[in-house]
Amino acid sequence: MAGSDCSLQGRIKSGDFLFTYISEIKKYMRKLNNCLMLVMLPFMVSCQGKTIDSKQNQNNTKQQMEYNKLTPEEERVIINKGTDRAFTGDYYTKKDDGIYICRRCNAPLYRSADKFDSHCGWPSFDDEIPGSVKRNTDADGDRTEIICNNCGGHLGHVFMNEGFTDKETRHCVNTSSIRFIPADSVKDAPPVIHLK
């Protein structure tokens, strides 16, 4: 026994033991690595395929899910809560049958049957399509802003109890915020873009 201890001590002192030990660990790790690779390979291939598909789907979804491109003037009104100049838009005198959709996301907002002439210079409606318009009190607390309930785009303001119609409501809407779809083309209207 003493001889084997001496032999072991001799190998430790000479560094042979450590070299042999490290070599054995490396061999074991290579075998373990190869086994792990064989076990993990199907999962890695499967995950890699899903990653590619996922990236492609994200790109396709992003392309499909962008809001409509806006002109600088439309962006000033819809995104930055601006106001069209009175009596300048195409829709304040329009009387054709159809619907008005959000210019940013295509969500239906108003029916032409609810449009009336308020002589204010902007399209006026006394009702919205249910669930399409959200009301927010302006920061000054004096007026109530109306926004598209789908995309949050600024539409204009709503005023109450002015006596224009029996509903006592006037949605004063910026022409830049809406787009008219004639009644005979409603079925071909662009799809609503949902990003929320």
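Read-outs: derived from the displayed coordinates by stated rules, not from any lab. A quick note: this is a predicted structure, and the numbers were derived from the prediction, not measured. FYI the Cβ positions are ideal-geometry reconstructions off the backbone, even for glycines, and counts take in every protein chain you see.
Data table
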read-out: Per-residue Cβ neighbour rank within 10 angstrom, fewest leading, Leu195, Leu70, Leu155; value: Leu195, Leu70, Leu155
read-out: Cα Rg over Rh - the range 85-158, Kirkwood; value: 0.95
read-out: Relative contact order of the range 72-188, pairs being alpha-carbon contacts under 8 Å that are 6 or more residues apart, as %; value: 31 percent
read-out: Estimated FRET transfer efficiency (Thr165, Glu66; beta-carbon r; R0 41 Å; 0.05); value: 0.65
read-out: Aspartates and glutamates with Cα under 16 Å of Lys115, excluding same-chain neighbours fewer than 8 positions away; value: Asp90, Asp96, Asp97, Asp126, Asp127, Glu128, Glu162, Asp166, Glu168
